[in-house]
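What follows is a short report on a single structure.
The values are calculated or read from the model by the stated rules, or taken from the named source; none is laboratory data. Remember, predicted model here, so these are calculated numbers, not experimental data. No Cβ is skipped: glycine too gets one built from the backbone with ideal geometry, and neighbour counts run over all protein chains shown. Accessible surface areas use protein heavy atoms only, side chains included; no ligands, DNA or RNA. Shrake-Rupley method; radii C 1.70, N 1.55, O 1.52, S 1.80 Å.
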Amino acid sequence: MARELIRGIDEPLPEGETLLWEGRPDARALARYAFRLRWVLGYFFLLSVAAALTGGQGAPVAARVAWILVLGAVVAGMIGGYALLTARSTVYALTDARIVMKVGVAFPAVFNLPFSRVAGAEARTFGDDIGDVAFHVAGPARIGYAFLWPHVRPWKVSDPQPMMRCIPDAGPVAARIREALLAAGVDTSDEPIG
């Protein structure tokens, strides 16, 4: 009997381990929610308005405003491109024994988080059925924040929490993760999922 493979990972699952779900982030949602594209666009818009209102000497106002808007479009394009590359190079998987995250655009790495190391999980959904699931890691050894970024809960630098970012159909996925953690004996009552 052939053993199951997780997409993008060459090594098959161990004997007796079952793949319950696998997916990847949505690139548009990653740009919007993780990389804050709307905030960046708003910043460049405000810069262009300020340039138009202040007038001043030197280059014509229209040229300065156009330059700021072009620069904003370039930055937005870079953010969108990075979000697309991040989404294409990322694979999240849930088995009946662990959480697997293949992350990294330039330097891909695979992180395995056995259920015995999961102290809890939290889910957050956005209005468009996209959401994040963060995992509380138990024990002294932790994965570094910089290695996980952007697949890490924001602002938890001293206590990094791996996070499945911007996954489609987040509600059903969070429920499936909760069922798997409960079946493995992980108490999720303090940090409910879904």
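Below is a table of values for the structure above.
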| read-out | value |
| --- | --- |
| Residue 85 being modelled with pLDDT of 85 or more, of a type outside the set (Ser, Thr, Tyr), open to solvent by 30 Å² or more (accessible area, probe 1.4 Å) and over 15 Å from the mean Cα position of the chain (by Cα) | no |
| Single condition residue 43 does not satisfy, out of (1) of a type outside the set (A, V, I, L, M, F, W, C); (2) within 23 Å of residue 67 (Cβ to Cβ); (3) crowded, with 18+ Cβ neighbours inside 10 Å | (3) |
| Given (1) touching a residue at least 24 places away in the same chain (Cβ under 8 Å); (2) of a type in the set (Ser, Thr, Tyr); (3) surrounded by fewer than 18 Cβ atoms within 10 Å (Cβ to Cβ), index of the condition residue 54 fails | (1) |
| Within the stretch 153-188, tally of residues that are assigned to a loop (DSSP other than H, G, I, E, B) and more than 18 Å from the chain's Cα centre (by Cα) | 6 |
| Filter result for the condition that a residue is farther than 19 Å from residue 33 by Cα and in contact with a strand residue (DSSP E or B) (Cβ under 9 Å, 6 or more places away or on another chain), over 90, 86, 95 | 95 |
| Cβ-Cβ under 8 Å pairs, at least 6 apart or on other chains, the stretch 68-91 side free of Cβ contacts under 8 Å to residues at least 40 places away in the same chain, far side open to solvent by less than 40 Å² (accessible area, probe 1.4 Å) and of a type in the set (Phe, Trp, Tyr) | 68/44; 69/44; 71/44; 72/44; 75/44; 76/44 |
| Residues within the stretch 116-137 that are within 18 Å of residue 168 (Cα to Cα) and open to solvent by less than 20 Å² (accessible area, probe 1.4 Å), tallied | 7 |
| Filter result (open to solvent by less than 60 Å² (accessible area, probe 1.4 Å), in a strand (DSSP E or B) and hydrophobic (A, V, I, L, M, F, W, C)) within the stretch 2-27 | 19, 21 |
